[in-house]
Amino acid sequence: AMHANARSVPASAAQAPGGGQMVVKRQSIDLGDSFDGGEDSSKGGKKASKRSLTATIERMEKHKIVERKRREKTKELMTELQALIPSVENVQDSLTMNTVLEEAIVHLKDQHTKSSELVVAKPRDGDSMADPSPLSHLSLAHAFGRDASSLSDGFSLMSPEVKDEGGSAVFLYPRGEPTSGVRALEVTTAKAAATLNLGRLPDQEFMQETLYAKMLEGWEKKVGEELVRQALSLLCLSREGLSQQELEELMHIKERGLEDKWQELARDLNADLSMKSKSEGLLGFVYSAFRLAVERRYLKQQTARREIEQKLANYWEKKASGPDEKRIAGELPYVLERMGEWDRLRTCLSSSLEVLYQLYNDEGTADLLRFWRKGTELDEGSGYAAAAQAYISRLKRFESDGATPQLLWESSLITARFLGDAGQFSEAEKILARARELSKELGGNDRFVAEVSLRCAELLNKCAASTPEYPLEIMVQSAFYAKEAADLYAYMTDNDSKQGYATALYWMGLNFGTVCRIGGGGTWSAKRAHDIAEQAIGKCLAVRQELGCDQSKITEVLFGRGVIAFCKAEAMSLEAISPSGDKTAEQEILELQETALALFHESYQQLCQIYSDKHLEAIKCLTMLGLLSKRLGRLQEAVGWYMKEVTVRDEVQGQMHPRSQQARRVYTELLDNIAEAKGMTGGEEQMLLLNVPVKQEPDGEGQVHGVNGPEEADPASAGASAL
């Protein structure tokens with residue numbers, strides 16, 4: 001691989017252990033199907049003429065395959081080695097392949113100057129060590145270990161075993177416990193053919209650490225160790241990176257009179273592609289290996305890490321009242337969490353609503369929930385109660401300070417939505433009631449009223465889902481709010497209003513579907529509620545496709561369709577809806593349940609790819625997957641899904657959150673019901689946690705079926721066995 005690249009170390013540069021040049025001879029290695037060589041051309045021609053055309057073609061094809069594989073492997077090894085080289089925009093400063101090898105060799109020599117050992121060829125059967133090869137006196141190398149009885153060559157990295165023409169294996173490194181390198185390796189076979197091989201390249205982690213350490217060392221020599229250490233450590237422990245101005249302020253460059261040295265280092269940081277300019281001009285690490293090298297060099301001691309974290313926390317706290325709300329929200333709470341400064345973290349969260357505004361989104365909601373649960377003196381439930389008190393107090397201060405009605409209205413909606421996700425439904429409902437009053441103060445504009453109604457529909461749905469059974473009164477009211485919002489949005493033509501219209505239609509689908517599930521309510525029968533739900537979710541999809549919404553919004557519709565199919569099956573079980581066509585109720589229920597299960601599977605997979613399995617929308621899919629699996633009698637799958645839901649909700653929302661408690665209650669009831677059905681005692685019920693078997697019978701085609709249909713392979717099944 002080294003000789004195949006134009007940038008490889010020249011053969012003339014290879015040095016023997018003693019310092020003199022080492023003569024390198026090339027030797028063709030027989031891979032089993034290479035062309036004959038060394039024979040008289042006329043004899044070769046006669047032999048070739050006797051071969052059949054088929055045999056010749058087969059031989060050529062085999063040679064092509066071997067050659068192609070060898071080229072592919074060589075290219076792969078070169079690509080891997082090249083990937084270890086941090087490139088820079090300045091070609092003169094770039095690390096070429098020669099530099100990589102030179103630095104690796106120098107490092108190995110420094111590390112192993114006191115350890116050298118004679119390496120000889122492993123003799124073939126019948127060979128005598130009394131008559132060594134004429135070139136064996138050149139075969140000196142650093143040993144990989146003390147035991148050199150079994151050695152192999154570097155080419156075995158590409159081929160498991162390399163043989164010479166006589167069939168004897170060539171070995172260059174011991175199979176015992178190896179050290180990290182060699183100086184030079186040369187081994188002879190019985191035919192006295194000499195070959196120089198690189199026995200073992202340093203592993204990737206070692207190469208990266210060596211190269212990045214060399215880069216850091218060069219910077220230290222140019223501008224000083226302290227400046228490099230501070231700058232790289234600050235970048236390493238920042239969450240999103242730092243701008244050049246932020247670094248200057250953090251390190252007090254002007255006050256210390258370090259402008260010239262800093263400008264030189266800043267040029268290197270901006271020029272080196274190992275440091276990238278992120279969004280908004282932030283410097284950060286491209287390669288995790290570079291970050292690791294910085295941590296190993298500068299942040300090994302906890303005191304050093306704590307010093308940098310304290311510097312970052314103090315810096316962002318001083319800027320808390322400034323205009324950089326987004327930067328503060330993206331850095332300050334995270335560094336305070338790492339430091340375990342719970343009082344300061346609570347102050348950061350409650351001192352203003354800016355952190356809430358910046359973190360309440362698809363990426364930051366789980367972090368915000370976790371921050372409020374932090375604190376050794378508080379249990380997980382009271383953290384959310386403290387959030388409700390802090391935010392309500394802040395809203396009141398806004399109003400007393402003369403905030404405009406529109407600003408207060410917007411702040412109320414965001415706060416109510418977050419408190420709904422935190423399980424503080426009563427407080428959130430009060431805030432939304434105040435937001436409705438503010439809508440009237442704003443002139444009763446339809447957009448303001450529609451937005452408040454939409455958030456009321458969302459909040460009541462979440463509240464009802466936290467109870468053992470969906471309360472009819474709450475679901476009827478949530479359906480009314482969703483319809484009111486959709487009716488108001490329907491006449492608006494701007495894109496923001498159309499987005500709101502699509503969201504209102506989505507909640508119409510879910511809320512009316514749930515009204516259908518519990519047999520109808522208010523002025524809507526189960527059948528009418530189902531029809532409204534289907535129409536709303538279909539219109540929602542059409543509007544979002546027209547607007548070109550991203551995949552997450554389309555997946556949301558997919559989940560809604562699953563909810564509607566499931567709710568219709570539940571209503572049919574209550575005989576609130578009659579089966580359609582020639583199907584019996586049992587047949588249509590099973591068909592609807594299978595359809596819903598497939599839709600929830602697909603939604604869950606897509607949401608995990610778009611966000612993660614810890615996103616609240618993905619967790620909703622876990623709830624429905626467990627419920628459908630239980631309805632279908634697939635108890636092992638149901639236990640797996642419910643167990644995963646409990647685990648993820650505990651992590652994201654906390655054990656005291658109403659949805660986490662509801663999930664744990666359902667999971668425990670399922671296990672109790674299974675144990676009761678099997679007539680288990682207390683000890684046997686504990687064994688149920690280890691495995692929940694499902695009756696399986698092979699059909700005529702050999703497919704394994706559960707008690708209510710074919711069993712689907714799913715990770716949740718493995719989860720149940722891991723209990």
- Name the one entry in ARG397, ARG455 that is free of Cβ contacts under 8 Å to residues at least 40 places away in the same chain, open to solvent by 20 Å² or more (accessible area, probe 1.4 Å) and charged (D, E, K, R). ARG397
- Query: (1) in contact with a Lys or Arg (Cβ under 9 Å, 6 or more places away or on another chain); (2) within 26 Å of ASN461 (Cα to Cα); (3) assigned to a helix (DSSP H, G or I): which one isn't true of LEU419, the others all being true?
  - Reply: (1)
- Query: Of the residues that make up the range 493-505, is at least one modelled with pLDDT under 95, over 38 Å from the mean Cα position of the chain (by Cα) and on the phi < 0 side of the Ramachandran plot?
  - Reply: yes
- Query: What tally of residues in the range 213-268 results from selecting those that are of a type in the set (Ser, Thr, Tyr) and over 17 Å from PHE290 (Cβ atoms)?
  - Reply: 1
- Message: For the range 490-507, give me each residue that is among the aliphatic types (A, V, I, L, M), without any contact (Cβ under 8 Å) to a residue 40 or more places away in the chain and not in a loop (DSSP other than H, G, I, E, B).
- Response: LEU505
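For residues that are crowded, with 17+ Cβ neighbours inside 10 Å, of a type in the set (D, E, K, R) and not in a helix (DSSP H, G or I), tally how many sit in the range 576-592.
0
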- Search the range 593-618 for residues being more than 17 Å from the chain's Cα centre (by Cα) and buried (at least 21 other Cβ atoms within 10 Å of the Cβ), and hand back the single one that is nearest to GLY513 (Cα to Cα). ALA596
- Message: Could you go through the range 556-575 and let me know if any residue there is surrounded by fewer than 19 Cβ atoms within 10 Å (Cβ to Cβ), more than 28 Å from the chain's Cα centre (by Cα) and charged (D, E, K, R).
- Response: yes
- Task: Collect the residues in the range 217-267 that are touching a strand residue (DSSP E or B) at 6+ places or on another chain (Cβ under 9 Å) and not in a helix (DSSP H, G or I), keeping them in residue-number order.
- Result: SER238, GLU240, GLY241, LEU242, SER243
- Query: Hey, among the residues in the range 329-354 that are part of a loop (DSSP other than H, G, I, E, B) and either in contact with a Pro (Cβ under 7 Å, 6 or more places away or on another chain) or open to solvent by less than 40 Å² (accessible area, probe 1.4 Å) (or both), which one's modelled with the lowest pLDDT?
  - Reply: SER352
- Message: For the range 619-634, give me each residue that is of a type in the set (A, V, I, L, M, F, W, C), buried (at least 23 other Cβ atoms within 10 Å of the Cβ) and closer than 23 Å to GLU676 by Cβ.
- Response: LEU628
- Note on the structure: Considering residues that are assigned to a helix (DSSP H, G or I) and open to solvent by less than 40 Å² (accessible area, probe 1.4 Å), the number found within the range 355-373 is 11
- Message: Just the residues that are in contact with a Ser or Thr (Cβ under 9 Å, 6 or more places away or on another chain) and either at pLDDT 90 or above or under 17 Å from GLY423 (Cβ atoms) (or both), please, taken from the range 361-371.
- Response: ALA366
- Answer from LYS261, LYS318, LYS300, LYS326 - the residue that is of a type outside the set (A, V, I, L, M, F, W, C), touching a Lys or Arg at 6+ places or on another chain (Cβ under 9 Å) and either crowded, with 18+ Cβ neighbours inside 10 Å or free of Cβ contacts under 8 Å to residues at least 60 places away in the same chain (or both): LYS261
- When the range 451-478 is checked residue by residue, the ones that are of a type in the set (Gly, Ala, Ser) and at pLDDT 95 or above are SER453, ALA457, SER478
- Of the numbered conditions (1) without any contact (Cβ under 8 Å) to a residue 40 or more places away in the chain; (2) open to solvent by less than 40 Å² (accessible area, probe 1.4 Å); (3) more than 19 Å from GLY500 (Cβ to Cβ), LYS430 satisfies every one except a single condition; which is it? (2)
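The values are calculated or read from the model by the stated rules, or taken from the named source; none is laboratory data. All values derive from a computational prediction rather than experimental measurement. We place every Cβ from the backbone using ideal geometry, glycine too, and count neighbours over all the protein chains shown. Just the protein is used for accessible areas: all its heavy atoms, side chains included, with ligands, DNA and RNA removed. Shrake-Rupley method; radii C 1.70, N 1.55, O 1.52, S 1.80 Å.
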